[in-house]
Amino acid sequence: MGLFSKQKEQQGTQRSSKIIQPIIVRTSNVAQELLKVSSSHKIPVAALDFRVLSIQTFTRLNVDGKEEEFDEITSDELRDLHKETLLHNEFFEIKQIYEIEIFSKNDEDDKLAGLQMSVGANATLTKVYVTIKAGSFVTYYDTLEQDLIDAIAKRKLRANLTVNIFDHVMHKELSHFMAKIRVAGAYTFDKKQIFLVSEGIEPVPTVNDALVLHYEKNREQESMEDRVDYSKRGYLKSVTEGEMLIEYIKPKLGESGRNCSGVFLKPKEPVVKHEPTFNVSENINVVVGDDNITYIAKVGGYVTFENNTYDIRQDVEIGEISFKTTGSIESTLDADVSINVRESDMLKDAIGMGMEVEVNEINVDGNVGPNAVVRANKAVIEGQTHKSSKIYAAQVQINIHKGFVRGDEVHITRLEHGSVEARKVHVSQMMGGHIIADEVEIEMLASHATIEAVRRIEVKQLHGEENQLIIDPTVMKEVTELLEGTQEQMDEAREHIAEVEREREEYRRRIHESKQAFNDIKKRLVEYQKKGIKMPTQFVKKYKEFQAMYEHYESLKAELRERKNRYDILTQKHQSFQNNIFDARIVNRDRWHGHNEIVFRLIEPKLEVTFVPKNAEKMEYLALATDENDDYFIKAVDT
């Protein structure tokens, strides 16, 4: 404690040795005067304080480059100065002269010492804010509001900002602030508070002209290691009809402003260096607006720029798609872009290893290489697909298929151990492989193939064995999802039915037990009514309770009927998937050879019914049937 006391004494001595005699000055720059006194007396600026004795505000309007004399304005004129249109005139000037008294700072006499308050502004000095730090505190007294206004004014003057000109916003902000303190008496700020104390005229920035190539979307793909995938270089800039390709932003001179130091803020002249000098084809629409010129695609396709002319084309001829030449090509499926890949050498890949292609339509004269991926609305592959390649398209035609393909309609000349998922599949020659589809047609089936279909499998010539032909209503993904959704709804419906039945049974029991008492109350109420006697409140209450209970019981019965009807509909919907299997057919136009397995998979019960036709047997149409014991079996039918 002695050490702290000694330090305080030393600090007090130092402070007393730096006390200056009060100095009165007239100045237009308070901050500069404080620095002068600080320098001449060799004391820090932070050790100085001042009070404002008077403020004079002067204005002038210079005409024809001649500087006029400043005229002092009245307090009424000062109050309305922020509304003046002259503030937008660059030849209108404002000046303030302050008479201040400078003296040594004494925190002990400062009633606002508990307020850690600072002044800040935006970049243009058109908005000035006061920030009060969290933990600051103040106690209410009669002149607190005026002292706050004076304290804010002093901080603004230290920052070379004007006072009383742009301060019209401060009083409204302060009124909310003061209301809290007045009610609390002693107020502590639990969090930082910022409020606006001055607001000048914010200038509107000048707009320089610019040319924005919207069609040049950034196609650099980054992996999780933030490495750029250099195989995706944006070879084609695809666009859709109605898409904005290019935008020219016209230059526009900004609007002037005036900051809270009274300084006029003149807008810069716009920089013009991107005016369009190119031409566009008839496929691009030019729309001239007030602020910009936009170039809109009239058709879908890809953007070209040749001979200083932008155009949109649909067809593109490419020798090959590879890392070396084009990189991966990513267009959008709804852009009308058609790619023709002309590399037809069977020893080379027209679409190279690891390439990804996404386009509306693609015609490949040659092969699709390892790990290549093609996404399109229509794809034609004249060569062969590698076993690790993937093709995704609505309409697909492949010569020799060894990879994976998914589509709506798929036509394959020769399937060699590849995989197919589609709604409808036609294969000329199938030698191994796996097909999942709604309907399948095979011209010639060899050996070791698995074919799963929902409705129909048809083989015109059977040349091999060890094939598995399967009818499965759930083999298609969308059917499986629909079936699972129906099953989930059925399980939920069963639970709700059980809950309602339990509640209905409980109300039925309560009504049965209360029926005699209800009839007695009802009889008495009728007698009271006949005699004109006021019915006892307790009787009326009991009667209404029983009525409400009976009404709820009836509503439960109605709800139960509704839920059971809903469950029956779901059951029928679920059962329809099962019933469809009886209409499904496996058709072999040829005789059966060797060992081939026929399978029908049921949904409920989960059961596989299998059948192996005898060698050389002629059974053209095979279907699922039931006998008199409701056992399932496969038999030959006429159609």
Output for Cβ contacts, cut-off 8 Å, separation at least six or different chains, first residue over 17 Å from His82 (Cβ atoms) and modelled with pLDDT of 90 or more in segment 145-170, second buried (at least 19 other Cβ atoms within 10 Å of the Cβ) and aromatic (Phe, Trp, Tyr), reads Lys154/Phe50; Leu157/Tyr98
Picked from segment 435-448 (must be crowded, with 23+ Cβ neighbours inside 10 Å and of a type in the set (Val, Ile, Thr)), the residue nearest to Lys618 (Cα to Cα) is Ile442
Exactly one of Tyr302, Tyr310 is at pLDDT 90 or above, of a type outside the set (A, V, I, L, M, F, W, C) and part of a strand (DSSP E or B), and that one is Tyr310
For segment 271-289, pairs from a residue that is in contact (Cβ under 8 Å) with a residue 12 or more places away in the chain to a residue that is of a type in the set (Gly, Ala, Ser), with Cβ under 8 Å and 6 or more apart or across chains, are His274/Ala210; Asn283/Ala297; Asn283/Gly301; Ile284/Ala297; Asn285/Ala297
Given the conditions (1) open to solvent by less than 50 Å² (accessible area, probe 1.4 Å); (2) at pLDDT 85 or above, every one holds for Lys192 apart from (1)
ask   = Going by the structure shown, is Val183 open to solvent by less than 10 Å² (accessible area, probe 1.4 Å) and either outside any loop (DSSP other than H, G, I, E, B) or at pLDDT below 90 (or both)?
value = no
Exercise. Does Ser389 qualify as being modelled with pLDDT of 95 or more, open to solvent by less than 50 Å² (accessible area, probe 1.4 Å), polar (S, T, N, Q) and under 19 Å from Glu441 (Cβ atoms)?
Worked result: no
When restricted to Met346, Met355, the only residue touching a strand residue (DSSP E or B) at 6+ places or on another chain (Cβ under 7 Å) and surrounded by fewer than 22 Cβ atoms within 10 Å (Cβ to Cβ) is Met346
Cβ pairs under 8 Å, 6+ apart or interchain, first in segment 417-440 and without any contact (Cβ under 8 Å) to a residue 40 or more places away in the chain, second among the hydroxyl-bearing types (Ser, Thr, Tyr) and open to solvent by less than 30 Å² (accessible area, probe 1.4 Å), ordered by first then second residue, are Gly418/Thr385
Exactly one of Thr294, Thr325 is over 19 Å from His401 (Cα atoms) and surrounded by fewer than 16 Cβ atoms within 10 Å (Cβ to Cβ), and that one is Thr325
Within segment 449-467, of all residues that are under 11 Å from Ile435 (Cα atoms) and surrounded by fewer than 23 Cβ atoms within 10 Å (Cβ to Cβ), the one farthest from the chain's Cα centre (by Cα) is Thr450
When every residue in segment 591-639 that is among the polar types (S, T, N, Q) and in a strand (DSSP E or B) is compared, the one least open to solvent (accessible area, probe 1.4 Å) is Asn596
Discussion item. Among the residues in segment 520-538, are any among the aromatic types (Phe, Trp, Tyr) and in contact with a helix residue (DSSP H, G or I) (Cβ under 6 Å, 6 or more places away or on another chain)?
Written reply: no
Selection from segment 158-169 of residues open to solvent by 60 Å² or more (accessible area, probe 1.4 Å) and touching a strand residue (DSSP E or B) at 6+ places or on another chain (Cβ under 9 Å) yields Arg158, Asn164, His168
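The values are calculated or read from the model by the stated rules, or taken from the named source; none is laboratory data. Keep in mind that this is a model prediction, so the values were computed, not measured. Positions of Cβ are backbone-derived with ideal geometry, glycine not excepted, and every protein chain shown enters the neighbour counts. To get the accessible areas, we keep the full protein, side chains included, count just its heavy atoms, and leave off ligands, DNA and RNA. Shrake-Rupley method; radii C 1.70, N 1.55, O 1.52, S 1.80 Å.
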